[in-house]
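Below: the structure, in structure tokens.
All of the numbers you see were taken from the coordinates with simple rules; none came from a lab. Here the structure is a predicted model, which is why all the values come from computation and not from measurement. As a convention, Cβ positions derive from the backbone with ideal geometry for all residues, glycine included, and neighbour counts pool all protein chains shown.
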Amino acid sequence: MAAAAAAEEEKTVKYGIIGVGMMGREHLINLYHLRDHRVSVVCAADPHPPSLDSALHLAHSFNWPLHVFSGHKELLDSGLCDVVIVSSPNMTHYQILIDIIAHPKPHHVLVEKPLCTTVPHCKQVVDAAKKRPDIMVQVGLEYRYMPPVAKLIEIVKAGEVGPIRMVAIREHRFPFLVKVNNWNRFNANSGGTLVEKCCHFFDLMRLFAGANPVRVMASGAMDVNHKDEVYDGKVPDIIDNAYVIVEFDNGSRGMLDLCMFAEGSKNEQEISVVGDIGKGEAFVPEGIVKFGTRVAGRDGVQTIQTVDKRIKYDGLHHGSSFLEHLNFLYAIRNKGTKAPEVDLIDGLVSVAIGVAAQVSIEQGRFVTMEEVLK
């Protein structure tokens, strides 16, 4: 057994990327910076020729030969890779994941968030994956790995602030970027802003609270961004600001404050967790964590500058994608003893909270998780 494990450790893990737009190429760069861990990207699939050309150029600059395909089924049938990264547009995730899971050759999967755009599709992927114990699937909720967020998670898990009562997350940032064919301008494609973007934050709320969501109330609108844009005769319908309240089954509460026309912010994300005995805060991109107790008061607040020396490439997400890959690679090489840290249930619940919030905005009421998950 030890000899077999050692042989597996020495084997180069070969990756294929499905969807090589901005995020797909970001994954390629992260994996290049992991090359000392015996990984390589050997193939890519994308129906958009300019994206494929950009990926080819990037791979060649790394001296990585890259086989390219216009469709994901051709990539799977090629047998070239062991692991597949799904970083295609949100609305394509469901069918691609079902095809990967059903394929005779097992491929481990890292799928970008959101897992799928609807709860039924997420549940079908979860059910399909249960029948393939030879496949591991990790969901790309990489905000967990941002150094200040990871430090705050560590503080909470150590019990330094006591049982969590309140989680408040503020994301004040720039509007959605332009994507291929402007797919991210419409709810039908993205799942809606609170699914597409905010599944990250609902995942963190659940992680900090250590509990599952019960019901959701939200208020939001499309007030500033994209209102003067028209694509094929259609005006975008994605909201650009919202408040969302999430109640958990242990009595704790989470609150999201989202604004996507706030380029004048010092930090893009500010996270606050308050427990019975203390409070912790994380600030991104400052990379700062603040932590204090009720007893010590304001004068006792500590400020910690967080650095993770394992990060070799900061990229678009402050090194979290690099750490995500490092974590997933470890799980792949230790299959049977190590499961992915961010699994399909995490992906499902983060989408379900976002869906509940979207429904709440549309109908002006609390929405229970039971009705969304059923």
With θ set to phi - 60° and the Karplus curve 6.51 cos²θ - 1.76 cosθ + 1.60, what are the ³J(HN,Hα) couplings of region 366-374 in order, to the nearest whole Hz, using x for Gly and Pro? 5, 10, 7, 5, 4, 5, 6, 6, 8
If only Cα atoms are counted, what is the Rg of region 168-212, and what is its Dmax, in Å? 12.9, 39
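How big is D, in µm² s⁻¹, for region 131-279 by Stokes-Einstein at 20 °C and 1.002 mPa s if Rh is the Kirkwood radius over C-alpha pairs?
127
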How large is log10 I(q)/I(0) at q = 0.14, 0.18, 0.25, 0.26 Å⁻¹ when the Debye formula is applied to the Cα atoms of region 42-117, each weighted equally and without solvent? -0.44, -0.73, -1.27, -1.33
Per-residue Cβ neighbour rank within 10 angstrom, fewest leading, Val273, Val13: Val13, Val273
Residue by residue through region 347-362, the couplings from Karplus 6.51 cos²θ - 1.76 cosθ + 1.60 with θ = phi - 60°, in Hz, x for Gly and Pro, are x, 4, 5, 5, 5, 4, 5, x, 5, 4, 5, 4, 5, 4, 5, 5
Residues with amide H under 5 Å of Ile17's amide H, sequence separation 5 or more or different chain, H placed in the peptide plane at 1.01 Å from N; which? Cys43, Ala44, Ala45, Ile85
Residues with amide H under 5 Å of Met166's amide H, sequence separation 5 or more or different chain, H placed in the peptide plane at 1.01 Å from N; which? Arg253, Val274
What angle, in degrees between 0 and 90 and rounded to the nearest 10, separates the Cα long axis of helix 320-333 from the longest principal axis of the Cα atoms of the chain? 60
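Fully extended, how many nm does the chain gain between Asp249 and Leu316 (0.36 nm per residue separation, minus their Cα-Cα distance)?
That works out to 20.7 nm of additional length.
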Rounded to the nearest 20 Debye, what is the dipole magnitude of region 305-374 about its Cα centre when Lys and Arg each give +1 and Asp and Glu each give -1 at the C-beta? 380
Given the candidates His103, Ile135, Thr193, the one whose Cα lies deepest towards the positive end of the charge dipole of region 76-223, counting +1 at each Lys or Arg C-beta and -1 at each Asp or Glu C-beta, is Thr193
Treating only the Cβ of Lys, Arg, Asp and Glu as charged (+1, +1, -1, -1), what charge dipole size does the chain show about its Cα centre? Round to the nearest 20 debye. 640
If each residue's Cβ is checked for other Cβ atoms within 10 Å, how do Thr92, Thr12 rank with the fewest at the top? Thr12, Thr92
Amide H proximity to Phe261 below 5 Å, modelled H, separation 5+ or other chain, gives Arg173
Does region 268-374 classify as rounded, prolate or oblate by the C-alpha gyration tensor (a ≥ b ≥ c root eigenvalues; a/c under 1.5 gives rounded; else a/b over b/c gives prolate, otherwise oblate)? oblate
Ranking Leu207, Asn267, Ala218 by how far each Cα lies towards the positive end of the charge dipole of region 164-276 (+1 on Lys and Arg Cβ, -1 on Asp and Glu Cβ), the top one is Leu207
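How big is D, in µm² s⁻¹, for region 223-288 by Stokes-Einstein at 37 °C and 0.692 mPa s if Rh is the Kirkwood radius over C-alpha pairs?
Using the Kirkwood radius from Cα pairs, D works out to 219 µm²/s.
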Out of every Cα pair in region 260-304, what percent are spaced more than 11 Å from each other? 66
Provide the per-residue ³J(HN,Hα) series for region 306-313, in order, calculated from phi with Karplus coefficients 6.51, -1.76, 1.60 and θ = phi - 60°, each as a whole number of Hz, with x at glycine and proline positions. 8, 9, 10, 5, 6, 5, 9, 8
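Counting other beta carbons within 10 Å of each residue's own, what order do His103, His27 fall into, fewest first?
Lowest count first: His103, His27.
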Burial ranking of peptide ranges 179-191, 277-289 (average Cβ count within 10 Å, highest at the top): 277-289, 179-191
Could you give the spread of the C-alpha atoms of the chain along their three principal axes, from largest to smallest, in whole angstroms? 58, 57, 40
In the Gaussian network model of the chain, springs joining C-alpha atoms below 10 Å, which of Glu263, Glu160, Glu171 carries the largest mean-square fluctuation? Glu263
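Relative contact order (percent) for the chain, with alpha-carbon contacts under 8 angstrom and 6 or more residues of separation?
Relative contact order for the chain comes out at 19 percent.
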